[in-house]
Amino acid sequence: MAHNLQITAASPDPALLDLPWDVPLEQWPSSVLAALPRGISRHIVRFVKMSGGVIAVKEIGESVAYREYELLRQLSRISVPSVEPVGVITGRQDANGERLEAVLITKHLQFSLPYRSLFSQTLRPDTATRLIDALAVLLVRLHLIGFYWGDVSLSNTLFRRDAETFAAYLVDAETGDLHPQLTDGQRNYDVDLARTNIIGELMDLAAGDFLDEDVDTIAIGDALVDRYNELWSALTDEESFDSEDRWRVAARIERLNHLGFDVGELEITTDIDGTSVQIQPKVVDAGHHSRRLLRLTGLDVQENQARRLLNDLDSYRAATDRQNDEEEFVAHDWLSGVFEPTVRAVPRDQRRKLEPAQLFHEVLDHRWFISEKQGRDVPLSEAVASYVDNVLRDRPDEMAILGLPPESADQQE
Ligand SMILES: Nc1ncnc2c1ncn2[C@@H]1O[C@H](COP(=O)(O)OP(=O)(O)O)[C@@H](O)[C@H]1O
Ligand SMILES: [Mg+2]
């Protein structure tokens, strides 16, 4: 047993010590491994069961491991969507005293899907577009806080379902760098590299027959650049107008809220004679809807799931004629009278297939679908039962394994 093992972690779990650190990661026994889908990587990465959860272990050079750990810690602290670091282990030796590579440990991101898993399931044809939209949002958020990624790609991103869209999470920060602020040149370089990498990755998928023949890989790469630029300018552009048109201040804030951002600081300047006004958002924070839902109900969900749940809360409020009641009270009743019973109506063994908020979203979609088909308002309780029988039963378990055998989860290159 290696005796000079060194563990760096914010809150080390003693169970870490029980793992076979004196064995190269590639030879770890399947008894400690969790068979989960994994993306393409340069390094050896394995998912390991520990203390009832799953961690991702990556063998990587010592200094790079510390650097990536630090960056991931900073990103987690400012709540940018990324994997959460657990720690770094160095000083590994095998039974013969040979040095083994250091490891970086992160928490496995539950319900996350590498893009290859998304493509190998049969999904709607616009999946690629929705993944690109999610990646554009992540890239804008990273750039807003001064994070230069340096290797943006689909493989370095994880996706989680977020209502009808996806939310993207950064998984590989190895090449990243945190600056006080990025120059336009740095941003454009990151976006350009993203475009090149994505086109390459999609072409690979096409070569392996995972991609529909009509998908235009170049157009998808270009779409990322367009989406990114659109969102960046909506969030940061200066806007100038006549001082009589002051409603435009509120309109800009509303537009940002609609995009899912709160305005932390808005700079307003006027010219000397006061006839024109310039506004420019200086601090914007993502998560407008998820923060509002959290405040009202305590539910901590992703942005578009929150948007959907808030819409349902609004219709509940209208349907129960409680427009004049305190929002908090109505939200509490909606939570205990609508949301929770719906999620609980899903049989326990089916429930872990999707996150609760995602289940609720899909039940709402399903209700809309069958109501239209049957030409009547199907009640939620009936819709859940039909959803479970007709949709959910056939879905793979996305919390765990996606129904993939361990070999196909192994896509090391
Ligand atoms: N914490 C994690 N949760 C889920 N998947 C992970 C996690 N860490 C790594 N992975 C998976 O492993 C793959 C490789 O990890 P990555 O950090 O990109 O390694 P490399 O530096 O070798 O490219 C990722 O694409 C992802 O699919
Ligand atoms: Mg990577």
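Return the total of residues in segment 311-364 being open to solvent by 60 Å² or more (accessible area, probe 1.4 Å), among the charged types (D, E, K, R) and not in a helix (DSSP H, G or I). The total comes to 4. Cβ-Cβ contacts under 6 Å between residues 6 or more apart (or on different chains), taken from a first residue in segment 24-40 that is charged (D, E, K, R) to a second residue that is within 16 Å of ligand 1 (Cβ to nearest atom) and assigned to a loop (DSSP other than H, G, I, E, B), are listed as Glu26/Ile44.
Kindly indicate which of Thr165, Thr183, Thr129 is open to solvent by 30 Å² or more (accessible area, probe 1.4 Å) and in contact with a Lys or Arg (Cβ under 7 Å, 6 or more places away or on another chain). Lay out the reasoning, then the answer.
Details: Thr183 fails: in contact with a Lys or Arg (Cβ under 7 Å, 6 or more places away or on another chain); Thr129 fails: in contact with a Lys or Arg (Cβ under 7 Å, 6 or more places away or on another chain).
Selected residue: Thr165, the only one of Thr165, Thr183, Thr129 that is open to solvent by 30 Å² or more (accessible area, probe 1.4 Å) and in contact with a Lys or Arg (Cβ under 7 Å, 6 or more places away or on another chain).
Of all the numbered requirements in (1) open to solvent by 30 Å² or more (accessible area, probe 1.4 Å); (2) within 12 Å of ligand 1 (Cβ to nearest atom), Gly176 misses one, and that requirement is (1). Selection within segment 374-395: residues that are within 14 Å of His361 (Cβ to Cβ) and assigned to a helix (DSSP H, G or I). The member of this set that is most open to solvent (accessible area, probe 1.4 Å) is Leu380. Among the residues of segment 57-69, is any over 16 Å from Glu101 (Cα atoms), away from ligand 2 (no atom under 16 Å from the Cβ) and not assigned by TED's automatic domain parsing to the domain that holds Leu205? Scanning segment 57-69 turns up no residue that is over 16 Å from Glu101 (Cα atoms), away from ligand 2 (no atom under 16 Å from the Cβ) and not assigned by TED's automatic domain parsing to the domain that holds Leu205. Would you check if there is a residue in segment 112-122 being of a type in the set (Gly, Ala, Ser), more than 15 Å from ligand 1 (Cβ to nearest atom) and over 16 Å from Leu202 (Cα atoms)? Checked segment 112-122: no residue is of a type in the set (Gly, Ala, Ser), more than 15 Å from ligand 1 (Cβ to nearest atom) and over 16 Å from Leu202 (Cα atoms). What number goes with the only condition from (1) open to solvent by 10 Å² or more (accessible area, probe 1.4 Å); (2) assigned by TED's automatic domain parsing to the domain that holds Asp22 that Asp151 does not pass? With respect to (1) open to solvent by 10 Å² or more (accessible area, probe 1.4 Å); (2) assigned by TED's automatic domain parsing to the domain that holds Asp22, Asp151 is out only on (2). For segment 33-73, the candidate set comprises residues that are within 13 Å of Glu174 (Cα to Cα) and open to solvent by 50 Å² or more (accessible area, probe 1.4 Å); within that set, the residue that is nearest to ligand 1 (Cβ to nearest atom) is Arg42. Checked against (1) within 16 Å of ligand 2 (Cβ to nearest atom); (2) open to solvent by 30 Å² or more (accessible area, probe 1.4 Å), Arg99 meets all criteria but (1). Has segment 56-65 got any residue that is within 18 Å of the chain's Cα centre (by Cα) and part of a loop (DSSP other than H, G, I, E, B)? No; the residues of segment 56-65 include none that is within 18 Å of the chain's Cα centre (by Cα) and part of a loop (DSSP other than H, G, I, E, B). Beta carbons closer than 7 Å, at least 6 apart along the sequence or on distinct chains, pair a first residue in segment 189-216 that is within 18 Å of Ser117 (Cβ to Cβ) and aliphatic (A, V, I, L, M) with a second that is open to solvent by less than 40 Å² (accessible area, probe 1.4 Å) and in a loop (DSSP other than H, G, I, E, B) for Ile198/Ser153; Ile198/Leu154; Leu202/Leu211; Leu205/Leu211.
Filter segment 1-33 down to the residues that are β-branched (Val, Ile, Thr) and modelled with pLDDT of 95 or more and list them by number. It would help to see each step written out before you state the result.
Filtering segment 1-33 down to residues β-branched (Val, Ile, Thr) leaves 7-8, 23, 32.
Val23 - this is the single residue of segment 1-33 that is β-branched (Val, Ile, Thr) and modelled with pLDDT of 95 or more.
The residues on offer are Asp177, Asp162, Asp133, and the sole one that is more than 21 Å from Leu235 (Cβ to Cβ) and of a type outside the set (Gly, Ala, Ser) is Asp177.
The values are calculated or read from the model by the stated rules, or taken from the named source; none is laboratory data. These figures come from a predicted structure and were not determined experimentally. All Cβ positions, even for glycine, are placed from backbone atoms using ideal geometry, and neighbour counts span all protein chains on display. Heavy atoms of the whole protein, side chains included, go into the accessibility calculation; ligands, DNA and RNA do not. Shrake-Rupley method; radii C 1.70, N 1.55, O 1.52, S 1.80 Å.
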